[in-house]
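Data first, discussion second: the structure below is written as C-alpha cells.
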Amino acid sequence: HNTYHPYEQIHTILSRFEDAFPGWVEVITLGQSSQGRDIWAVKVSKPSSKAASSQDVHRSGGRGKFKFLVAGTQHSREWIAASTVLYLVHELVALDHEGKAPHRKLLEQVEFTFVPVVNPDGYVYAWEHDRLWRKSRQPVGRKSPQAQCLGIDLNRNWGYQFQPGARPNPCSDSYPGAKAFESVELQALRTYMLDGVDAFLDVHSFGQMLLFPYSYSCDVVTRDQENHYEAVLQAAKALRDVHGRVFETGSVCEVSLTSPGESLDWAYVVAKIRWSFATELRDGGIFGFLLPPAQIRPSGEEMSAALRRLTQFILDVRSLLFLFGVRFIWS
C-alpha cells in the first residue's frame, strides 16, 4: 500500500484476494462502463454455517446478513479513494486470517461489497492523459456546439433532486448530464443498490470530512439526523485516534457545499438506504488530488478504524430497535 494502481492492476489485486481467501472474498462485475470496461466489485464476508446463518437472520430482522456497500472513485482524479478502498478489503480479510481479527465479529454479521473504481473510463483517462480529469468519458452534447466534449460528473447525475440546468455546458468539469442516470456506470450501480443494500459509504477526496444527507439543500434534514450525527461523530473519533487527523462532520450541505443530484440523497430517499454516508479523504488541501503515495497506508488505516466504528454503531442501533420491536419500514 505504497503506490497507486492503474485499472488493470486493481483487477489483478482483487483476483489475488479471491484466490488467497476462498469463501471469504468473491469478485463480481456490476456492469460495464460507457467504453466497455468492467466495473469490478468484491464481496467480503465470513462464510456462514447453517446455524450461523440462522443467527444472522435473527439479528437482521429476518433479512440475513447486513449488506454494506463501499464505493470509491466516482471522480476519476481521486486516486486515493481507489487505494483506500483496496486497503479496506485487504485489512478485512488479511488481518482476520493472521489472528489479529479486528473485523471478525463484523464479518460474521455483515457482507461488505467494495467497489474501488465506479468510473473506470475516467480513471484510465486520468492515468494515461489528464491526471486531473474528473468526469466519465461517455459521449454527450451531440446536438450542441460542444459535441466534441465527453463525460458526465457522476456525482451530479443521480436521480434525486437532479438539476440538468445547474451546469448546462457539456464541457464543464461538473456537467451533470441531460437527464438523471444518463451515466451508464450509475445505471449499473443503481441496480445493485436497489437489491437490498442496508448501508452505503461513498468515498471521495479531498477535504477530510465524514458526511450524511442532504446535499441538495440546507433547508431540510433527514428523519434520522440524530443517528446520522452520532454515527459520523463516533467514526471521526475512531479515525482521529489512529493518526490524529481531524475530520469535519455533518450534512453535505452544511459542511461542504449545496449540490443536487448526489449519491447520498438518492440512496437515502429513493433506494431507502437508511444508513447513507460519504467521506472526503485526506488531505486538507496542501496536496489535494495529488496526494503522495506515502499517505495511502495511513489513509487506509484511519478509514479502517472509521468503518469499523461506523458499522458497529449501525449494528448496535439496529439491535436495540429490533429488541424493542421497531421495524425498518419506510413510509
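The values are calculated or read from the model by the stated rules, or taken from the named source; none is laboratory data. Being a predicted model, the structure only gives us computed values, none of them experimental. Cβ sites come from the backbone with ideal geometry, for glycine too, and all protein chains shown count toward neighbours.
Contact annotation: residue pairs with Cβ atoms under 6 Å, 6 or more positions apart or on different chains, pairing a residue in the range 62-86 that is charged (D, E, K, R) with a partner that is in a helix (DSSP H, G or I), are LYS65/ASP56; ARG77/ALA126. The residues listed here are ARG245, ARG134; of these, the one that is free of Cβ contacts under 8 Å to residues at least 60 places away in the same chain, among the charged types (D, E, K, R) and farther than 28 Å from ASP38 by Cα is ARG245.
For the range 193-278, please list each of the strands (runs of 3 or more DSSP E) lying entirely inside it that holds at least 1 residues being closer than 25 Å to ILE152 by Cα and among the acidic types (Asp, Glu). In the range 193-278, 199-205 are the strands (runs of 3 or more DSSP E) which contain 1 or more residues that are closer than 25 Å to ILE152 by Cα and among the acidic types (Asp, Glu).
For the range 1-27, give me each residue that is within 19 Å of GLN74 (Cβ to Cβ) and touching a residue at least 60 places away in the same chain (Cβ under 8 Å).
Listed by number, the residues that qualify are TYR4, HIS5, PRO6, TYR7, ILE10, LEU14.
Selection of the range 281-321 for residues being over 23 Å from GLN234 (Cα atoms) and either at pLDDT below 95 or not in a helix (DSSP H, G or I) (or both) yields GLY285, ILE286, PHE287, GLY288, PHE289, LEU290, LEU291, PRO292. Counting the residues of the range 252-270 that are in contact (Cβ under 8 Å) with a residue 60 or more places away in the chain and surrounded by fewer than 20 Cβ atoms within 10 Å (Cβ to Cβ) gives 3.
Here is a yes/no grid of residues against (1) buried (at least 18 other Cβ atoms within 10 Å of the Cβ); (2) out of contact with any Gly (no Cβ under 6 Å at 6 or more places or on another chain); (3) modelled with pLDDT of 95 or more:
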| position | (1), (2), (3) |
| --- | --- |
| ARG16 | no, yes, yes |
| GLN32 | no, yes, yes |
| GLY36 | no, yes, yes |
| ALA41 | yes, yes, yes |
| LYS50 | no, yes, no |
| ARG63 | no, yes, no |
| GLU78 | yes, yes, yes |
| ALA82 | yes, no, yes |
